[in-house]
Each structure stands twice: as C-alpha cells, then as structure tokens.
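The values are calculated or read from the model by the stated rules, or taken from the named source; none is laboratory data. Just so we're clear, the structure is a prediction, and the values are computed from it rather than from any experiment. Cβ coordinates were reconstructed from backbone atoms using ideal geometry, including for glycine residues, and neighbour counts include every protein chain displayed.
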Amino acid sequence: MTTKKLSHAKNLYIAQFFAIDDMHIMCTKPPRCILFQQSRNRGTHFNSLEDGTIPIFPTERSITIKSYSIRRKQVPLCTAFAVTDYKSQGQTFSDAILDLDTNHKKGQDSHRKFCSFYVQLGRLTSSKGLHLLKKIDISDITNKPHPDLVAETKRLQDLETQTLARWHTEID
C-alpha cells in the first residue's frame with residue numbers, strides 16, 4: 001500500500017466535526033455510545049460499569065424534506081436541568097429559560113399564578129439571562145396577589161414608617 005493510500009485509510013477512522021450553527025455540531029463518525037456519569041447516584045447499575053454510569057446510544061431516524069429522504073444518526077443528549085418554581089426559591093441563576101405562560105396552570109387562582117411568576121423572575125441576576133420558552137400574552141402578566149397579602153404588606157410598611165419616625169424623634 002502506498003503512503004497516500006495508507007494516510008487515506010487512516011482518515012476513514014478519524015471523526016471530523018462541523019459546526020452547523022450555535023447549537024448543532026455534525027460529527028462524521030458518531031460514537032457507539034456515550035457514558036454519562038450522574039453527579040448523584042440514583043441506584044442505576046449496569047454490569048461492567050461504575051455505579052451511576054449510564055450508557056447513551058445514538059438513535060437513527062429518517063426524515064423527509066422536499067421529497068428527499070434524509071437519514072440521520074445522533075446522540076440524544078442535551079446538558080440541561082429543570083427546576084420547579086418551588087424548588088428554585090433561594091437559588092440564583094444567571095441564565096434561565098422560563099415558561100411564563102399561565103394558561104397551562106388551570107385550577108390555580110390569580111394569587112398562585114402571581115407568586116409563581118414573581119418567584120421565577122426573581123431568581124435571575126439580570127434580565128439579560130432571561131429567555132422565554134414561548135410567547136406570553138398580556139393575560140399572563142395580569143395576575144394579582146391575594147388582597148390579604150396586599151393588606152399585610154401595607155400594614156408592615158406603615159409600621160416601618162412609624163418606627164423610623166419614632167426612632168428619629170428619640171434621637172433628636
């Protein structure tokens with residue numbers, strides 16, 4: 001075999017990567033599987049693999065675009081996690097994709113929808129990291145807190161004003 005043919009044969013086994021856009025990369029030789037190590041072991045065990053290690057195998061699908069049949073093979077892997085608004089309380093995120101559409105929260109009163117909205121938006125460090133899962137309507141942001149909560153907040157603000165006023169008169 002000549003040197004040229006030998007180098008060509010070696011290249012058949014080397015994967016090449018092509019960036020398609022910001023989120024997709026095409027690989028000419030996808031791996032047979034990817035071994036994913038969980039940060040917290042949930043009791044998963046596969047023979048001959050460490051506890052908490054999960055093999056992820058590529059999937060193969062055919063799609064038709066403009067009467068052309070295209071077959072693609074990809075590894076179904078996306079680095080992400082989901083957090084409920086209840087679980088997110090007390091945490092801070094620089095980036096988040098939020099589902100602020102309240103139409104799917106049937107059975108919740110206006111106060112609960114308001115609190116959910118407030119908690120989700122309040123976790124972000126700035127609006128630059130805010131990404132919406134889908135468009136929202138004005139009806140999604142017109143929810144109001146419970147009247148008792150508004151009254152209690154007003155009472156506490158008045159108490160603060162009175163306390164500061166007394167503090168300043170006693171110091172003077």
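Within the range 73-94, take every residue that is under 21 Å from residue 113 (Cβ atoms) and assigned to a loop (DSSP other than H, G, I, E, B) and give me the one that is modelled with the highest pLDDT. Talk me through it step by step, then tell me what you get.
In the first step, residues of the range 73-94 are kept if they are under 21 Å from residue 113 (Cβ atoms); the result is 82-91, 93.
Filter again for assigned to a loop (DSSP other than H, G, I, E, B), leaving 82-84, 89-91.
Working: 82: 78, 83: 81, 84: 81, 89: 81, 90: 84, 91: 87.
Filtering first and then ranking leaves 91.
Can you pull out every residue in the range 127-153 that is under 16 Å from the mean Cα position of the chain (by Cα) and not in a helix (DSSP H, G or I)? I'd like the intermediate steps shown before the answer.
Residues of the range 127-153 that are under 16 Å from the mean Cα position of the chain (by Cα), as a first pass: 127-134.
Matches in the range 127-153: 130, 131, 132, 133, 134.
Based on what the data block shows, is residue 111 closer than 30 Å to residue 27 by Cα, touching a residue at least 12 places away in the same chain (Cβ under 8 Å) and not in a loop (DSSP other than H, G, I, E, B)?
No.
In this structure, does residue 70 turn out to be β-branched (Val, Ile, Thr), more than 30 Å from residue 96 (Cβ to Cβ) and at pLDDT 80 or above?
On the way: β-branched (Val, Ile, Thr): yes; more than 30 Å from residue 96 (Cβ to Cβ): yes; at pLDDT 80 or above: yes.
The answer is yes for residue 70.
Can you tell me how many residues in the range 43-69 are aliphatic (A, V, I, L, M) and touching a Ser or Thr at 6+ places or on another chain (Cβ under 7 Å)? Please lay out each step first, then the result.
At the first step, the residues of the range 43-69 found to be aliphatic (A, V, I, L, M) are 49, 54, 56, 63, 65.
Filter again for touching a Ser or Thr at 6+ places or on another chain (Cβ under 7 Å), leaving 54.
Residues in the range 43-69 being aliphatic (A, V, I, L, M) and touching a Ser or Thr at 6+ places or on another chain (Cβ under 7 Å): 1 in total.
When you go through (1) within 30 Å of residue 24 (Cβ to Cβ); (2) surrounded by 13 or more Cβ atoms within 10 Å (Cβ to Cβ) one by one for residue 140, which number turns out not to apply?
(1)
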